[in-house]
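The structure appears below as structure tokens.
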Amino acid sequence: MSDYDYDLFVIGAGSGGVRASRIASSYGAKVAVAEEYRVGGTCVIRGCVPKKLLVFGSHFAEDLEDAQNYGWEIEGTKFSWQVLRDRVLGDVDRLNAAYKSTLNNHNVTIIEERATIIAPHRVKLASGQEISAKYILIAVGARPYVPEFPGSEHCLTSNEMFHLEELPRRAVIAGGGYIANEFAGILNGLGTRVTVVNRGDTILRGYDESLRDRLLQISMTKGIEFKFKAPFEKIEKREDGTLDVFLKGQDPINTDIVMMATGRVPNVEGLGLEHVGITTDDQGAIPVDEYSKTACDSIYAVGDVTNRVQLTPVAIREGQAFADTVFGGTPKTVDYNCIPTAVFSQPPIASVGLTEGEARNRYGNIRVYSADFRPMRNVFAHRAERGLYKMITEEPSGKILGLHMIGPDSPEILQAAAIAVKAGLTKQAFDDTVALHPSMAEELVLMK
Ligand code: NDP
């Protein structure tokens, strides 16, 4: 008999928490997971999944336009935001139920309450009940960060974007990262006039410069407006409900909504970290070792709350490695090298490994190959939009250091190519592979 109510008590049923719970349970542990909102976490409930569905919905605008060049006569097209929104929210309900049944099928007890840590082996639920556990896993994720300035309370975040009553006629999006560019594409496609406002002078800092330039140029051609080096001064709400946005050194903008996409901060408030001697770092994140163990021996943390790499598949790997290590008897760490990522902008960007700048700084002797092409589908549809693929190699070995793509379906293509980069293959291995014709992906083996 264990001295504790549970072997593992997980706080937060998102990507990392759910994976850790069910794997620990499959190793024979008695597991409970506390979730105050819905099972699935940011990715499923208000992130990756509903966002991607909105991208699909938005892209039909261009597809319908292009269809005419392929002989389709389409009359009377009409878009309903309410239909798309409700169908997306319906899918979120489906996934929430699917995640719950996965946990139930793995004998994980779901506790639909907020839990606070009160001692190294003890949590207290919102209802007042106290529960003991041999190990506690913190997997509470992160939330949108909204900078404070006069009127910032009028801003929305990505959380609310999935629930809008009406599609806004005009939108200002603050930030130049993943979320800003993804929602700029979604709203622009659906017919909203979008202005992206960033504090710096670039979008997607950290991505390869050539791709960023290409996305910026295409986005502007599609009608998205960008304002750089434009910090917010204040936002005032008019009687008609519209917002006046005042930016430093710019004319004010009257708009219907302002969405903040200025990064995400770990959800550590009210967790009770002070009761177990865990202090957060300067980003507000919980510091952990390579096995995801915190400063308290019985408490671990995975996912966005640790602010290592804020990506769903990374949180899943961290949850899996934790369960393997603590309950499976096989200590495992996560390899953070060569993690492929994508921005679901329109067109999307996909990337793995070092950017040209990073590779030059780190290795000095590098070579850059590229393919700058107009996809066949676009040529036929009289669409000027060009794709760009870029490969960076270490010389003289030819080992691939980075692969970066912008163009239709680039995340789908890069996932497979990332295996080659992760495996340490060379440019020669790509050259040796016969092209698959006609495809966009063949550009990968034809780069000069
Ligand atoms: P990002 O970190 O991608 O971008 C944040 C943007 O906000 C940057 O342009 C940054 O500017 C700006 N910013 C940061 N702080 C401030 C501030 N105080 N005032 C004004 N501007 C500010 O964050 P997102 O919110 O877009 O996304 C959060 C995270 O979620 C991402 O980092 C990513 O890990 C994850 N995510 C992943 C997706 C995917 O995989 N497709 C999709 C969506 C989110 P600057 O460049 O100057 O720092």
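With respect to G357, is the statement that it is assigned to a loop (DSSP other than H, G, I, E, B) and either of a type outside the set (S, T, Y) or touching a strand residue (DSSP E or B) at 6+ places or on another chain (Cβ under 7 Å) (or both) true? No; evaluated as a whole, the condition is false for this residue. Tell me, yes or no, whether region 382-394 has at least one residue that is closer than 30 Å to G16 by Cβ and open to solvent by less than 40 Å² (accessible area, probe 1.4 Å). No. Working only within region 236-245, note down all residues that are part of a loop (DSSP other than H, G, I, E, B) and either within 30 Å of G407 (Cα to Cα) or open to solvent by 60 Å² or more (accessible area, probe 1.4 Å) (or both). R238, E239, D240 - these are the residues of region 236-245 that are part of a loop (DSSP other than H, G, I, E, B) and either within 30 Å of G407 (Cα to Cα) or open to solvent by 60 Å² or more (accessible area, probe 1.4 Å) (or both).
Scanning region 205-215 for residues that are within 16 Å of the ligand (Cβ to nearest atom) and surrounded by 20 or more Cβ atoms within 10 Å (Cβ to Cβ) turns up Y207, D208, L211, R212, L215. Can you find even one residue in region 217-235 that is within 30 Å of T195 (Cα to Cα), in a helix (DSSP H, G or I) and open to solvent by less than 60 Å² (accessible area, probe 1.4 Å)? So far as region 217-235 goes, yes, one or more of its residues are within 30 Å of T195 (Cα to Cα), in a helix (DSSP H, G or I) and open to solvent by less than 60 Å² (accessible area, probe 1.4 Å). The one condition from (1) under 27 Å from K293 (Cβ atoms); (2) surrounded by 19 or more Cβ atoms within 10 Å (Cβ to Cβ) that L54 does not meet is (1). Filter region 402-419 down to the residues that are surrounded by 17 or more Cβ atoms within 10 Å (Cβ to Cβ) and small (G, A, S), then identify the one that is nearest to D66 (Cα to Cα). This residue is G407. A residue that is surrounded by 23 or more Cβ atoms within 10 Å (Cβ to Cβ), out of contact with any helix residue (DSSP H, G or I) (no Cβ under 6 Å at 6 or more places or on another chain), at pLDDT 95 or above and closer than 30 Å to I218 by Cβ occurs nowhere in region 306-324. For region 309-336, filtering for residues that are farther than 25 Å from V123 by Cα and within 14 Å of the ligand (Cβ to nearest atom) leaves 7.
Scanning region 388-419 for residues that are in contact with a Pro (Cβ under 6 Å, 6 or more places away or on another chain) and part of a loop (DSSP other than H, G, I, E, B) yields G407, P408. Within region 289-305, being open to solvent by less than 50 Å² (accessible area, probe 1.4 Å) and out of contact with any His (no Cβ under 8 Å at 6 or more places or on another chain) holds for S292, T294, C296, I299, Y300, A301, V302, G303, D304, V305. Strands (runs of 3 or more DSSP E) fully within region 246-352 that include at least 2 residues being under 29 Å from A184 (Cβ atoms), in contact (Cβ under 8 Å) with a residue 60 or more places away in the chain and in contact with a strand residue (DSSP E or B) (Cβ under 7 Å, 6 or more places away or on another chain): 253-255, 257-260, 264-266, 341-343. The set of residues in region 420-437 that are open to solvent by 80 Å² or more (accessible area, probe 1.4 Å) and either within 17 Å of T355 (Cα to Cα) or touching a residue at least 24 places away in the same chain (Cβ under 8 Å) (or both) comprises K422, Q428.
Would you check if G263 is open to solvent by 10 Å² or more (accessible area, probe 1.4 Å), small (G, A, S) and within 16 Å of the ligand (Cβ to nearest atom)? Yes. Condition check for E182 on (1) farther than 22 Å from V92 by Cα; (2) open to solvent by less than 30 Å² (accessible area, probe 1.4 Å); (3) of a type in the set (D, E): one failure, at (1).
The values are calculated or read from the model by the stated rules, or taken from the named source; none is laboratory data. Note that the structure is predicted; figures quoted are calculated from it, not measured. Glycine gets a Cβ as well: all are built from the backbone with ideal geometry, and neighbour counts include every protein chain shown. To get the accessible areas, we keep the full protein, side chains included, count just its heavy atoms, and leave off ligands, DNA and RNA. Shrake-Rupley method; radii C 1.70, N 1.55, O 1.52, S 1.80 Å.
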